[in-house]
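The structure appears below as structure tokens.
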Amino acid sequence: MNNFIAKSANIGQNFSIGHNSIVQEEVKIGNNVTIGHNVIIYPFTRISNNVTILDNAVIGKQPSNISTLTITIDKGLSPCEIGEGSIIGTAAIIYAGTKIGKNCFIADLASIREKCVIKDHVIIGRVVTIEYETTVGEYSRIMTHSQMTGNMVIEDHVFIGGAVASTNDKYMTSGKWKGPIIKSGARIGANATIIGGNTVGKDALIGAGAVVTNDIPDGKVALGVPARVIKDVPIDPAVSNQKK
Amino acid sequence: MNNFIAKSANIGQNFSIGHNSIVQEEVKIGNNVTIGHNVIIYPFTRISNNVTILDNAVIGKQPSNISTLTITIDKGLSPCEIGEGSIIGTAAIIYAGTKIGKNCFIADLASIREKCVIKDHVIIGRVVTIEYETTVGEYSRIMTHSQMTGNMVIEDHVFIGGAVASTNDKYMTSGKWKGPIIKSGARIGANATIIGGNTVGKDALIGAGAVVTNDIPDGKVALGVPARVIKDVPIDPAVSNQKK
Amino acid sequence: MNNFIAKSANIGQNFSIGHNSIVQEEVKIGNNVTIGHNVIIYPFTRISNNVTILDNAVIGKQPSNISTLTITIDKGLSPCEIGEGSIIGTAAIIYAGTKIGKNCFIADLASIREKCVIKDHVIIGRVVTIEYETTVGEYSRIMTHSQMTGNMVIEDHVFIGGAVASTNDKYMTSGKWKGPIIKSGARIGANATIIGGNTVGKDALIGAGAVVTNDIPDGKVALGVPARVIKDVPIDPAVSNQKK
């Protein structure tokens, strides 16, 4: 086994752990938790009942500070929390100060920085990156390879396709950070780009490869580079599929 | 060394293994196999002769099931198989139910889900993701950072550039999954997007950043957002380079 | 602890190391170096003073050779070098033959292949990939999820947004490799694509999602697919911000 479990860690009943994993000081683990091989759990992390953490995941790490960075790192972060029934994928990385809700699925190689709030029933795809202080609402799904910037607000039942990019600095290097807002029920096509400071409206639909450089009103379809509104979103079962 | 090798694992001659690696129950390993450090090989995986598996790779993992997911996970998967002479990169992840052919190169941080078939002489670049039930034909190459969706068919001698995205749900959240088909010899430019249900024809060429929303005929060049056919692919050595 | 440290490794003062890490033969480590858990450092790697290497990082690995690859791998590489004060992120991968400068920040899951030169004060974001023989100048920043091709020249104070793609083979599979050149102070928007053989001029600004298929002159703004020059870059503090 060769696991390292700190004496001050508080472990619930029916605990399973693989080989070479590390559970550090003051970690609190609920009942029926399964931890894979080579997992690293940083001090003070709180893991609820029925959570699964797969191989090579790193949970609760502190952000790094270096003078080269343009944002200031907050080291006084609250512990990372993983909500009941959630699954953390292989080699996923979740920072301190971030809270994952219930029944979330964080896929392999995803990484989520500090001070994010991921609400219940969210799916974060493989290799997705989420920067600092971003919120993802209930039942939202962010597909494989998407890159979500800092200070972004993603509301409930949002669908973000694969390989979507986003920015929080409209002119790059301006130093004024403002992530996009994606309103409830909006859908963003694969490989689209959402520029900082803009809002994608409720139930709006952004086409694949579009570049959103302005606000998109509620319920509209927008396509192209730059994205232009072309029509209303058709009333179809697809939207209601998201809400069930 | 501190490796864990299950007693029921069947290991061939001239076997090399690093530190902290895990070879689980009933794994079958051929001759002249090299395994790095921190590698995890799940039960029943079959590794042929002359295979190299680099550090931190995870081979043969089962998919995770969670009620939040929109597809049903099949747990009765056949073992993961790695064909003769193939190399699996650092921190690559390959699921159970997937078969990698001979002389393939799966680069660092690539991940391939369940029920995929990767035929012989294929190159999968770094950080590439391939979803479930996708087939990649002989001598095809998928470059760094591309995201290949589920139920996709990539035929032989296809070239997929870096950071290409693809979808298998034309309207997002419709619940009807159909991956694109990329016919033999086609080439897809970097950062292009291929929408589900469409076919890119034999020897066709898709420009960088194009968004393919319709079928592209054999031998045509298509560019733009959305992609429009502009001319025939010139007869040049580039295509035949792929076929040698 | 269960670390493996080769007897021939040369370790400086005030050295800190986690669990399950591997420091191989002839590695040279300066003073005040911190190494996390599960880190793998390959033979002959040189790590300067005040460097931090986070969990699961792999430093100094050799490239793999396989007949399927189109480039020839050079195995006679000089050791990997990590400059003073730099931080290497969780699960980052840096190859032999590559040199990282002083005060660099290489974020989680980034990977940098052989023969690259990363100069001082550079930031490489999460999941960024850099291919072989690419140079990144002082104070340049490459944001999350970008994919930088081989033989590319990125000069000083360049800003490359998130999810940018680049190629070094204009026609794909032509076999003539020539990476783009990004001149000093240029800024590339998120999800843009830079085609091989082209130069982005000094202080030029490329819009998000643009596809650069020709040279872009110094100080110009270029947008769209394909990218067209539309105006001069406005004189604003943003550019000078890069130069301080």
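Please go through the range B:155-198 and give me each residue that is of a type in the set (Ser, Thr, Tyr) and within 13 Å of another protein chain (Cβ to nearest Cβ), ordered by number. Write out each step before concluding.
If we filter the range B:155-198 for residues that are of a type in the set (Ser, Thr, Tyr), which is where we start, we get B:166-167, B:171, B:173-174, B:184, B:193.
Matches in the range B:155-198: B:166, B:167, B:171, B:173, B:174, B:193.
Residues in the range A:199-229 that are within 12 Å of another protein chain (Cβ to nearest Cβ) and outside any loop (DSSP other than H, G, I, E, B) were compared, and the one that is surrounded by the fewest Cβ atoms within 10 Å (Cβ to Cβ) is A:228.
Scanning the range B:2-37 for residues that are within 11 Å of another protein chain (Cβ to nearest Cβ) and at positive phi yields a count of 2.
Yes or no: residue C:84 assigned to a loop (DSSP other than H, G, I, E, B), farther than 29 Å from residue B:105 by Cβ and more than 10 Å from chain A (Cβ to nearest Cβ)?
Values: assigned to a loop (DSSP other than H, G, I, E, B): yes; farther than 29 Å from residue B:105 by Cβ: yes; more than 10 Å from chain A (Cβ to nearest Cβ): yes.
Here the answer is yes, as residue C:84 does meet what is asked.
Looking at the structure I just gave you, is residue B:14 surrounded by fewer than 24 Cβ atoms within 10 Å (Cβ to Cβ), more than 21 Å from residue B:114 (Cβ to Cβ) and in contact (Cβ under 8 Å) with a residue 12 or more places away in the chain? Yes, satisfied.
Within the range C:97-128, can you find the residues that are under 14 Å from residue C:46 (Cβ atoms), touching a strand residue (DSSP E or B) at 6+ places or on another chain (Cβ under 8 Å) and surrounded by fewer than 24 Cβ atoms within 10 Å (Cβ to Cβ)? Listed by number, the residues that qualify are C:99, C:101. When you check residue B:66 against the structure, is it β-branched (Val, Ile, Thr), within 14 Å of chain A (Cβ to nearest Cβ) and surrounded by fewer than 19 Cβ atoms within 10 Å (Cβ to Cβ), yes or no? In short, yes.
Would you mind stating whether residue B:152 is closer than 18 Å to residue A:191 by Cβ and more than 10 Å from every other protein chain (Cβ to nearest Cβ)?
Numbers: closer than 18 Å to residue A:191 by Cβ: yes; more than 10 Å from every other protein chain (Cβ to nearest Cβ): yes.
Spelling it out, residue B:152 is indeed closer than 18 Å to residue A:191 by Cβ and more than 10 Å from every other protein chain (Cβ to nearest Cβ).
Answer yes or no as to whether residue C:57 is within 14 Å of chain B (Cβ to nearest Cβ), surrounded by fewer than 16 Cβ atoms within 10 Å (Cβ to Cβ) and at pLDDT 95 or above. Considered against the rule, which asks whether it is within 14 Å of chain B (Cβ to nearest Cβ), surrounded by fewer than 16 Cβ atoms within 10 Å (Cβ to Cβ) and at pLDDT 95 or above, residue C:57 comes out as no. With the checklist (1) within 9 Å of another protein chain (Cβ to nearest Cβ); (2) farther than 22 Å from residue C:19 by Cα; (3) surrounded by fewer than 21 Cβ atoms within 10 Å (Cβ to Cβ) in hand, flag the one item residue A:76 doesn't pass. Just one mismatch for residue A:76, condition (1).
Return yes or no: is residue C:129 hydroxyl-bearing (Ser, Thr, Tyr), touching a residue at least 12 places away in the same chain (Cβ under 8 Å) and within 14 Å of chain A (Cβ to nearest Cβ)?
Numbers: hydroxyl-bearing (Ser, Thr, Tyr): yes; touching a residue at least 12 places away in the same chain (Cβ under 8 Å): yes; within 14 Å of chain A (Cβ to nearest Cβ): yes.
Judged against the criteria, residue C:129 is a match.
With the structure loaded, tell me whether residue B:2 is within 20 Å of residue A:34 (Cβ to Cβ) and part of a loop (DSSP other than H, G, I, E, B) or whether it fails that test. Step through it out loud before you land on a result.
Working: within 20 Å of residue A:34 (Cβ to Cβ): no; part of a loop (DSSP other than H, G, I, E, B): yes.
So residue B:2 does not fit the description; no.
Residues that are within 11 Å of the chain's Cα centre (by Cα) and more than 10 Å from every other protein chain (Cβ to nearest Cβ) were ranked within the range A:132-149; the one that is farthest from residue A:119 (Cα to Cα) is A:132.
Which numbered condition trips up residue A:34, out of (1) closer than 20 Å to residue C:19 by Cα; (2) surrounded by fewer than 17 Cβ atoms within 10 Å (Cβ to Cβ)? It is condition (1) that residue A:34 fails. Of all the residues in the range C:130-142, those that are out of contact with any Gly (no Cβ under 8 Å at 6 or more places or on another chain) and in a strand (DSSP E or B) number 3.
The values are calculated or read from the model by the stated rules, or taken from the named source; none is laboratory data. Everything quoted here is computed from the prediction, not taken from an experiment. FYI the Cβ positions are ideal-geometry reconstructions off the backbone, even for glycines, and counts take in every protein chain you see.
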